[in-house]
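First comes the structure, then the notes that go with it.
The values are calculated or read from the model by the stated rules, or taken from the named source; none is laboratory data. Everything quoted here is computed from the prediction, not taken from an experiment. No Cβ is skipped: glycine too gets one built from the backbone with ideal geometry, and neighbour counts run over all protein chains shown. These accessible areas exclude ligands, DNA and RNA; they are computed on the full protein's heavy atoms, side chains included. Shrake-Rupley method; radii C 1.70, N 1.55, O 1.52, S 1.80 Å.
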Amino acid sequence: MSSSFAEGSVPAHIAVIMDGNGRWAQQRQLPRTDGHKQGLTAARRLVENAVAEGVSHLTLFAFSHENWQRPGSEVSALMQLFAEAISSEGARLRKNNICLRFIGDTARFPATLRAGMRSLETLTRNGTRLNLTLALGYSGKWDIVQAAEKMAQAKEAYNEENFARHLATADLPAADLLIRTGGEQRISNFLLWQLAYAELYFTDTLWPDFAAADLHAAIASFKQRERRYGQLPQQHPDD
Ligand code: IPE
Ligand code: IPE
Ligand code: MG
């Protein structure tokens, strides 16, 4: 599962829990939705900065399964924002040579939004500069259960390799670095299996404020980490 990783390298796969939009807006006496709009701007900025840093895979948690339980007005505003972004981002993604994919349980999403997601995936599928994954309606536990169902249907041997091929992230390498903004230090049912040996980085910066220097600081912290995968330092080839 885990590959060896040269100390000092840029993480190949960064996963981000983009948290703190609501508090960013509340601090400014603005509606929470304004925080989500700024959050979208911050996500666009991150994509550009990740490419500039040499990151090859970026996975963003934009809406969790549990977020459906928020007030209907906030959920509708978020669906509206996703719909607008999905219908307007295609040209930019193509121009920047980015491949975009969605992961998550989209059964509850409006049909038009689902159709927009599929066509954006098709439009960007040949992008080679950055592999961008947006987790919408995602839940780490959901992913594990749906992978288990598929593995049982396929009548395959129950082993880690077969299991990982049925996860929504089957095409992605394991996450190297998890960044969570907004000050909370928890996973909130994001990637569970895939974070097994990720380095964790928590920052108080609220998501709409997350800028190039913040990404750079997270990557710099990652480069200082010693990844041992349960071995002793002298056993690991990177030491
Ligand atoms: C993260 O920001 C975005 C989503 C969960 C959709 P929040 O909306 O959770 O912002 P806070 O945590 O309330 O500040
Ligand atoms: C996690 O943030 C989900 C996303 C960023 C999409 P939440 O704000 O939903 O997480 P909790 O409720 O603080 O754990
Ligand atoms: Mg939050």
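Rolling a 1.4 angstrom probe over the protein heavy atoms, how many square angstrom per residue are accessible across the chain? Before the final figure, lay out each step's value.
Working: 11900 Å² over 239 residues.
Using a 1.4 Å probe on heavy atoms only, each residue of the chain averages 50 Å².
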Fill in: Efficiency of FRET between residue 10 and residue 48 - r from beta-carbon atoms, R0 25 angstrom, step 0.05
0.95
Worksheet, complete the sentence: Under 5 Å from the placed amide H of residue 103, counting only residues 5+ away or on other chains, we find 134, 135, 136
Worksheet item: So what does log10 I(q)/I(0) come out to for the chain at q = 0.12, 0.13, 0.15 Å⁻¹, using the Debye formula with one equal point on every Cα and no solvent?
Response: -0.70, -0.83, -1.11
Practice prompt. Quote to one decimal, in nm, the extra length available between residue 155 and residue 129 on full extension: 0.36 nm per residue of separation minus the C-alpha distance between them.
Written response: 5.7 nm
Response to the item:
In order over region 182-190: 3J(HN,Hα) from phi, Karplus 6.51/-1.76/1.60, θ = phi - 60°, whole Hz, x for each Gly or Pro, gives x, x, 6, 10, 8, 8, 6, 6, 7
Worksheet item: Can you list the aspartates and glutamates whose alpha carbon sits under 17 Å from that of residue 223, skipping same-chain ones fewer than 8 residues off?
Response: 7, 53, 176, 199, 214, 238, 239
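Of all GluC sites (Glu not before Pro) in region 132-172, which ones are in loop regions per DSSP and have a Cβ with at most 14 other Cβ atoms within 10 Å? Write out the running numbers ahead of the final one.
Working: sites: 149, 156, 160, 161; in loops: 156.
Passing sites in region 132-172 are 156.
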Item to complete: List, in order, the whole-Hz ³J(HN,Hα) value for each residue of region 75-88 obtained from phi through the Karplus relation with A = 6.51, B = -1.76, C = 1.60 and θ = phi - 60°; use x for Gly and Pro.
Response: 4, 5, 4, 5, 4, 4, 5, 4, 4, 4, 5, 5, 7, 10
Fill in: Contour minus Cα-Cα distance for residue 192 and residue 80 (0.36 nm per residue)
37.5 nm
Fill in: Whole-Hz ³J(HN,Hα) from phi, Karplus 6.51 cos²θ - 1.76 cosθ + 1.60, for region 37-46, glycine and proline x
5, 5, x, 5, 4, 5, 5, 4, 4, 4
Worksheet item: Which FRET efficiency value, to the nearest 0.05, is calculated for residue 217 and residue 141 with the Förster distance at 22 angstrom and r the Cβ-Cβ distance?
Response: 0.10
Response to the item:
Cross-link reach from residue 95 to lysines, straight Cα distance under 25 Å and at least 8 residues apart if same chain, gives 37
Discussion item. Looking at region 117-239, I'd like the Rg to Rh ratio, where Rg is from alpha-carbon atoms and Rh is Kirkwood's inverse mean 1/r.
Written reply: 1.00
